[in-house]
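Remarks on the structure that follows.
The values are calculated or read from the model by the stated rules, or taken from the named source; none is laboratory data. Just so you know, these numbers come straight off a predicted model, no measurement behind them. As a convention, Cβ positions derive from the backbone with ideal geometry for all residues, glycine included, and neighbour counts pool all protein chains shown.
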Amino acid sequence: MGASVASIPGIHHVTCITGDAQKCVDFYVSVLGLRFVKKSINQDLPDTYHIYFGDYLGTPGTAMTFFGWPTWPKQRVGSGQVTTVSFQVPAGSIGFWSRRLKQLGVAHEQATRFGADALVLRDADGIELELVGDANDDRWTPWPEGPVEQDHAIRGFHSVALTVAEAAATVELLTRTMGFRQASRDGKRLRFETGEGGPHSILDLIESPEGPEGEESIGTVHHVAWRTADAATQVAWRESLLEAGRNVTPVIDRWYFKSIYYREPGGVLFEIATDGPGFTVDEKPEKLGTTLSLPPWFQVRREHLDDVLPPIAVPTTTATGAH
Ligand code: ZN
């Protein structure tokens with residue numbers, strides 16, 4: 001089964017739902033200091049945005065992305081969803097981030113996650129985020145013009161936390177098919193790792209039989225995507241998941257990567273996405289996010305989309321914090 005497929009190195013991207021693309025951009029760029037790397041459309045609902053934030057290049061493992069769906073229901077967070085998205089920052093940077101968030105008027109709390117200091121906060125749509133002081137992942141590419149000095153900048157994802165009504169079947173899929181291993185436990189929180197382990201490879205699983213059930217709504221995570229090196233490995237994953245009884249989509253070309261989708265038994269939507277070709281397939285690194293980027297097969301809709309999509313202003317930033 002899973003053993004025949006090269007292991008999943010870690011998180012590829014996390015996709016959420018925003019009710020206000022502009023507020024979302026203001027938060028992720030001006031507060032968290034992520035770069036706005038791509039302005040595109042949801043390929044299944046092409047009159048709506050799909051916007052992407054990440055490191056300088058949107059390296060797999062750093063891309064937080066949003067569907068702009070202002071008419072969706074109000075936030076209903078619960079089981080069957082990724083309920084917390086955690087970013088990694090250097091262990092010594094938690095104080096910096098606490099001061100920065102306070103200065104910018106962003107409420108936050110201190111927490112400890114398996115021995116690491118963390119800050120818990122919410123984004124513009126109410127999605128629960130953590131900054132975990134446990135960075136050891138140097139695959140990220142710094143954004144020199146970003147508003148957060150590079151010593152303290154977010155290094156991409158640390159982990160995702162899933163809430164499910166019943167953990168057993170999810171645990172079985174993770175460990176028997178997807179190659180995850182249980183690393184530790186803290187009360188009701190089970191920690192799993194994949195690949196080389198550590199930040200970027202972590203999935204926390206929380207069992208919550210008492211509910212409530214989550215619903216696809218503004219301020220929730222739509223899905224988490226896991227990395228795979230190439231198209232051949234992706235096909236092997238697809239076969240392995242089908243064998244394990246999952247209902248998996250065919251391979252879909254997302255232009256920036258190829259994707260397959262399935263629900264894990266707890267109801268959380270998973271994607272497995274190829275590392276390449278990445279966000280520089282249609283814009284130069286220095287121009288990322290500056291135009292409405294459309295896959296070739298959507299170019300015929302460009303004029304219509306220019307008319308119906310609300311404008312987005314990306315905040316201009318200057319690196320600060322040389323203190
Ligand atoms: Zn995705």
Scan (1) within 16 Å of the ligand (Cβ to nearest atom); (2) surrounded by 20 or more Cβ atoms within 10 Å (Cβ to Cβ) for the single condition D253 breaks and write down its number. (2)
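Identify, from the list G276, G245, G195, the residue that is within 28 Å of D138 (Cα to Cα), at pLDDT 95 or above and part of a loop (DSSP other than H, G, I, E, B).
Among G276, G245, G195, only G195 is within 28 Å of D138 (Cα to Cα), at pLDDT 95 or above and part of a loop (DSSP other than H, G, I, E, B).
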Yes or no: E271 acidic (D, E), crowded, with 16+ Cβ neighbours inside 10 Å, assigned to a loop (DSSP other than H, G, I, E, B) and on the phi < 0 side of the Ramachandran plot? no
Every residue in the range 201-242 that is within 17 Å of E271 (Cα to Cα) and at pLDDT below 95, please. A229
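Among the listed residues G19, G10, identify the single one that is more than 12 Å from the ligand (Cβ to nearest atom), in contact with a Pro (Cβ under 6 Å, 6 or more places away or on another chain) and either under 15 Å from V221 (Cβ atoms) or not basic (K, R) (or both).
G19
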How many of the residues making up the range 199-238 are outside any strand (DSSP E or B), within 16 Å of the ligand (Cβ to nearest atom) and touching a helix residue (DSSP H, G or I) at 6+ places or on another chain (Cβ under 8 Å)? 0
Would you point out the residue of the range 24-43, among those that are in a loop (DSSP other than H, G, I, E, B) and either in contact (Cβ under 8 Å) with a residue 40 or more places away in the chain or not polar (S, T, N, Q) (or both), that is surrounded by the most Cβ atoms within 10 Å (Cβ to Cβ)? L34
Please indicate, with yes or no, whether at least one residue in the range 256-269 is within 30 Å of R35 (Cβ to Cβ), within 16 Å of the ligand (Cβ to nearest atom), of a type in the set (D, E, K, R) and free of Cβ contacts under 8 Å to residues at least 60 places away in the same chain. yes
Determine whether G197 is free of Cβ contacts under 8 Å to residues at least 60 places away in the same chain and either out of contact with any Ser or Thr (no Cβ under 9 Å at 6 or more places or on another chain) or buried (at least 23 other Cβ atoms within 10 Å of the Cβ) (or both). yes
